[in-house]
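One structure below.
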Number of protein chains: 4
Amino acid sequence: MSGTIAARGRIEKRQAIVDAAFAVFARAGYAQAGVDVIAAEAGVAKATVYSHFGDKENLLREAIAASADQALARNLATIETLTDHSDDIRASLERVGIRLLECYCDDRSWALRRLLSAEINQFPDLLDIIHTRAAERVTEALADRLARLTVAGHLHTPAPRLAAEQFFALLTGPMDTRARLGTRHVPNSERRAVARAAVHTFLQAFTPKPVGTPSRRSDT
Amino acid sequence: MSGTIAARGRIEKRQAIVDAAFAVFARAGYAQAGVDVIAAEAGVAKATVYSHFGDKENLLREAIAASADQALARNLATIETLTDHSDDIRASLERVGIRLLECYCDDRSWALRRLLSAEINQFPDLLDIIHTRAAERVTEALADRLARLTVAGHLHTPAPRLAAEQFFALLTGPMDTRARLGTRHVPNSERRAVARAAVHTFLQAFTPKPVGTPSRRSDT
Amino acid sequence: MSGTIAARGRIEKRQAIVDAAFAVFARAGYAQAGVDVIAAEAGVAKATVYSHFGDKENLLREAIAASADQALARNLATIETLTDHSDDIRASLERVGIRLLECYCDDRSWALRRLLSAEINQFPDLLDIIHTRAAERVTEALADRLARLTVAGHLHTPAPRLAAEQFFALLTGPMDTRARLGTRHVPNSERRAVARAAVHTFLQAFTPKPVGTPSRRSDT
Amino acid sequence: MSGTIAARGRIEKRQAIVDAAFAVFARAGYAQAGVDVIAAEAGVAKATVYSHFGDKENLLREAIAASADQALARNLATIETLTDHSDDIRASLERVGIRLLECYCDDRSWALRRLLSAEINQFPDLLDIIHTRAAERVTEALADRLARLTVAGHLHTPAPRLAAEQFFALLTGPMDTRARLGTRHVPNSERRAVARAAVHTFLQAFTPKPVGTPSRRSDT
DNA sequence: GATGAATGAGACTTCATTCAT
DNA sequence: TATGAATGAAGTCTCATTCAT
């Protein structure tokens, strides 16, 4: 094929380093993370890390980008299941909400967000990586689906982007305190309850008014 | 007159150190923050920092606790203005929402949250400091007020604690992305818009049903 | 009488500081000994130590000198009991030997010697303090007594100074290894055995030859 | 061939560090010795010292152990020359005594003993290193030889271990004061005199009694 | 290409000493 | 006079990074 055994080994080593780097960064923070430790955890020599990534800063970027890509993929896959095939909009939203919360509460997701918060002053471009690669696209994807559901008459979201933001807020906001920024495990049942409450509030606000009934003014 | 500039009292020096410490920790992160820098910024010798706080770790705790106390005070003061004296519940909530967002978007608040996220793995007890001292009490205070407004007939929040959580979520959730975790300044007008949208959604969900009108079942 | 209450307090404090200093120096070594610790152990403030002794180095000197004086006094008192009143020279020497070993094995004596060894490079004059104040005078005092015993016909020490040195050597030499430089406690019985063996060897060498027998030349 | 001055092998560097460490520790004491200074004296970077020895404490141990091994070797080699090949036991003992005193009075030996005294409180295990590695074995080796000389009829030491202790005591005891713990140089002639006096006294005590023979052989 | 070894810069922390009360 | 507070200098140790094999 395309790769010799040696080349395959190199790529695999690179992947092992990125994985180890994310794990160590997440555990210890950027500054406290030792390149020795990362190298050891990846099973390579310290100099090998440098030959692959140049310096520690770049290693952080790559690790974060890889982690963001993973999170993006899972979130998009979940959102794509939100179609207008079903008539029970509440059940659909709850199912999607629960799965989005699963993504949000994944250990790697918490670690990614914490790392981002931690290093945003030192490396402001990290946020761009994340936002353009993941957060923004997820919100937009959800907004797209809400728009289609509105068109289909299942919802009433005249400002789909704002509605998407609020949907995420209602889902994840209560988790931040409950999960103690990812330090505490939140049981499935509690996650489901939060998701149901979020969907309930969301639907109160964004359910289409029955036809023929004079509706109140909508907001901006 | 007891104090010249050179001869500040011990307490003043302690306060200066705490302030400088929070500023430097917020700017550089715990590990990267140099005690030299903190001391210089506080206008004292490095050893003085140690004589006051023992070690860097304890200094972080004190700085965080002080900052959390400040944030708590501002939030509580705001929430206390949410009374049932006015008939215009929407206006009241919007006013409170806007002021809560001001607290939330204050530079020190962002810094506090980022610092917390950053160091939670190394210092898990920080979260306890914050949660018991600030976050929990703010949420409960808001829940209290929502309950009173419900009793007064202005709202319908059968689960005030959950409603309070959602109110905060609707307010602050959209800010996280818009403010880029505090890196980007969000103009007043945008903050007001977020607050209004949050209050609108909140009221859709928690406005008392008109008397004599059959209401839909609420979920669990 | 001569001192006011305040003055008496000062002198007592000075003594307390010297005692504490010796204890701490002995325990931790000069460099590792903290003036804080000495002050605390003496029950005074750190600055008081400085007002009494000027600096740490001088404090060491005073502490060592005081300790050397104590050791000197005990040794001299013991040696003075070595008279020619008794006919049993062996018993006399053994009694003195045992009591000299008690002095030598006292915790403070070990500490003094260790401290001296430790700091002799940094403070060469310490040795002068000790030697002129104590060691030299003890050896000379013993040499005096050996000379008188020789004159009285109980011993034969044509070179009393050398004999005194060897007496001390036979006594203390075996103790160094047995007591592990003062770290290990040597039981009384063992000390007595060492003293008896020392006296035995000493007497083999320095017992006067029987009268009427042609004696061999003694060496220098 | 392989090693230029700049590129000494790892083992050579290690040896250079140990040597420098012993020199600096001996000169300044453990606490006052700077790792910087040791590194500079060894011609390596400070961090290299740490990569080899972990920490300063361990460096002390290794330096002391190395020095003790050297001293042991010299002492054992000397003692091994004490055979029963010669008939002149006095000359043999004097020769060995002089050479043992040379070992004892070597600068490194003094330094080793001073260092040991100095740090025994902080590092009690140092004494075990020395005792098991050197002191004990030297005394035992001498005791062995004294026993063989007794068997051969040249000496009479029914308790060889004690006799060995006393031989060392008579040799080294007088040196401690004369050499001022190694601070003062003792001329060869004086060392020889001490050795002769020691041997004289030793022989007075441990010469075999003539069996049925009228007079003993005269000494030198 | 991968690695063991080395290093320079810098971090936290301590401590003898001084000063104003 | 005695002291609490402050400090500058110094020390141990770590770590990201490079170089020769």
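Would a scan of region D:1-13 turn up a residue that is modelled with pLDDT of 95 or more and away from chain C (no Cβ under 14 Å)?
No, region D:1-13 contains no residue that is modelled with pLDDT of 95 or more and away from chain C (no Cβ under 14 Å).
Kindly indicate whether residue C:63 is within 16 Å of DNA strand E (Cβ to nearest atom) and either part of a helix (DSSP H, G or I) or within 14 Å of chain D (Cβ to nearest Cβ) (or both).
Values: within 16 Å of DNA strand E (Cβ to nearest atom): yes; either part of a helix (DSSP H, G or I) or within 14 Å of chain D (Cβ to nearest Cβ) (or both): yes.
Yes: the conditions hold for residue C:63.
I'd like to know if region D:171-190 contains one or more residues that are under 15 Å from residue D:92 (Cα atoms), at pLDDT 95 or above and not in a loop (DSSP other than H, G, I, E, B).
Checked against the condition, which is being under 15 Å from residue D:92 (Cα atoms), at pLDDT 95 or above and not in a loop (DSSP other than H, G, I, E, B), region D:171-190 yields at least one hit.
Residue A:111 passes all but one of (1) in contact with an Asp or Glu (Cβ under 8 Å, 6 or more places away or on another chain); (2) open to solvent by less than 70 Å² (accessible area, probe 1.4 Å); (3) in a helix (DSSP H, G or I); which number fails?
Residue A:111 satisfies all of (1) in contact with an Asp or Glu (Cβ under 8 Å, 6 or more places away or on another chain); (2) open to solvent by less than 70 Å² (accessible area, probe 1.4 Å); (3) in a helix (DSSP H, G or I) except (1).
Return the residues of region C:43-77 that are open to solvent by less than 60 Å² (accessible area, probe 1.4 Å), within 15 Å of DNA strand F (Cβ to nearest atom) and basic (Lys, Arg); say none if nothing qualifies.
Within region C:43-77, just C:56 meets the criteria.
Please work out if residue D:94 is buried (at least 17 other Cβ atoms within 10 Å of the Cβ) and in the same structural domain as residue D:149 (by TED's automatic domain parsing).
yes
Taking the condition more than 21 Å from residue D:195 (Cβ to Cβ), within 14 Å of another protein chain (Cβ to nearest Cβ) and basic (Lys, Arg), does residue D:133 pass?
On the way: more than 21 Å from residue D:195 (Cβ to Cβ): yes; within 14 Å of another protein chain (Cβ to nearest Cβ): yes; basic (Lys, Arg): yes.
Answer is yes for this residue.
Pick from region D:119-157 the residues that are in contact with a Leu (Cβ under 8 Å, 6 or more places away or on another chain) and open to solvent by 70 Å² or more (accessible area, probe 1.4 Å): which of them is nearest to residue D:200 (Cα to Cα)?
Among them, the one singled out is D:137.
List the pairs whose first member sits in region D:34-57 and is in contact (Cβ under 8 Å) with a residue 60 or more places away in the chain, whose second member is assigned to a helix (DSSP H, G or I), and whose Cβ atoms are under 7 Å apart, counting only residues at least 6 apart or on separate chains?
Pairs that qualify, where the first residue is in contact (Cβ under 8 Å) with a residue 60 or more places away in the chain and the partner is assigned to a helix (DSSP H, G or I): there are none.
What number of residues in region C:24-48 are among the hydroxyl-bearing types (Ser, Thr, Tyr) and within 7 Å of DNA strand E (Cβ to nearest atom)?
Total satisfying the criteria: 0.
Would you please name the residue that is nearest to the other protein chains (Cβ to nearest Cβ), looking only at residues in region B:24-36 that are out of contact with any Gly (no Cβ under 9 Å at 6 or more places or on another chain) and open to solvent by less than 40 Å² (accessible area, probe 1.4 Å)? Write out each step before concluding.
Going through region B:24-36, the residues out of contact with any Gly (no Cβ under 9 Å at 6 or more places or on another chain) turn out to be B:25-27, B:32-36.
Those left that are additionally open to solvent by less than 40 Å² (accessible area, probe 1.4 Å): B:25-26, B:33-35.
Details: B:25: 10, B:26: 8, B:33: 9, B:34: 11, B:35: 14 Å.
Top of the filtered list is B:26.
Being among the small types (Gly, Ala, Ser), surrounded by fewer than 22 Cβ atoms within 10 Å (Cβ to Cβ) and over 21 Å from residue B:108 (Cα atoms) is the filter here; which residues of region B:159-204 pass it?
If the condition is that a residue be among the small types (Gly, Ala, Ser), surrounded by fewer than 22 Cβ atoms within 10 Å (Cβ to Cβ) and over 21 Å from residue B:108 (Cα atoms), then B:159, B:193 are the ones that fit.
For region A:99-108, enumerate the residues that are open to solvent by 40 Å² or more (accessible area, probe 1.4 Å) and either more than 17 Å from residue A:189 (Cβ to Cβ) or touching a residue at least 60 places away in the same chain (Cβ under 8 Å) (or both). Break it down stepwise before answering.
Taking region A:99-108 as the starting set, the residues that turn out to be open to solvent by 40 Å² or more (accessible area, probe 1.4 Å) are A:99, A:102, A:104, A:106-108.
Those that are open to solvent by 40 Å² or more (accessible area, probe 1.4 Å) and either more than 17 Å from residue A:189 (Cβ to Cβ) or touching a residue at least 60 places away in the same chain (Cβ under 8 Å) (or both): A:102, A:104, A:106, A:107, A:108.
Please state which one of D:21, D:39 is open to solvent by less than 50 Å² (accessible area, probe 1.4 Å) and in contact with a Lys or Arg (Cβ under 7 Å, 6 or more places away or on another chain). Working first, answer last.
On the way: D:21 fails: in contact with a Lys or Arg (Cβ under 7 Å, 6 or more places away or on another chain).
After ruling out the rest, the residue left standing is D:39.
Can you report the number of residues in region A:8-18 which are more than 11 Å from DNA strand E (Cβ to nearest atom) and in contact (Cβ under 8 Å) with a residue 40 or more places away in the chain?
Looking only at region A:8-18, we keep the residues that are more than 11 Å from DNA strand E (Cβ to nearest atom), and these are A:15, A:18.
From what is left, the residues that are in contact (Cβ under 8 Å) with a residue 40 or more places away in the chain are A:18.
Counting residues in region A:8-18 that are more than 11 Å from DNA strand E (Cβ to nearest atom) and in contact (Cβ under 8 Å) with a residue 40 or more places away in the chain gives 1.
Before we move on, is residue A:117 over 13 Å from the mean Cα position of the chain (by Cα), under 23 Å from residue A:180 (Cα atoms), assigned by TED's automatic domain parsing to the domain that holds residue A:184 and among the polar types (S, T, N, Q)? Show your work before the answer.
Details: over 13 Å from the mean Cα position of the chain (by Cα): yes; under 23 Å from residue A:180 (Cα atoms): yes; assigned by TED's automatic domain parsing to the domain that holds residue A:184: yes; among the polar types (S, T, N, Q): yes.
So residue A:117 fits the description; yes.
Can you find a residue in region A:79-90 that is more than 11 Å from DNA strand F (Cβ to nearest atom), open to solvent by 30 Å² or more (accessible area, probe 1.4 Å) and not assigned by TED's automatic domain parsing to the domain that holds residue A:130?
no
Quick one: count up the residues across region C:66-86 that are free of Cβ contacts under 8 Å to residues at least 24 places away in the same chain and not in a helix (DSSP H, G or I).
Of the residues in that region, 3 qualify.
Residues being touching a Gly at 6+ places or on another chain (Cβ under 9 Å) and modelled with pLDDT under 50: count how many of those fall in region D:193-220.
Of the residues in region D:193-220, 0 are touching a Gly at 6+ places or on another chain (Cβ under 9 Å) and modelled with pLDDT under 50.
The values are calculated or read from the model by the stated rules, or taken from the named source; none is laboratory data. These numbers were taken from a predicted model, which means no experiment stands behind them. Virtual Cβ from ideal backbone geometry, glycine too; neighbours counted across all protein chains shown. We work out accessible area using only protein heavy atoms, side chains counted, and drop any ligands, DNA or RNA first. Shrake-Rupley method; radii C 1.70, N 1.55, O 1.52, S 1.80 Å.
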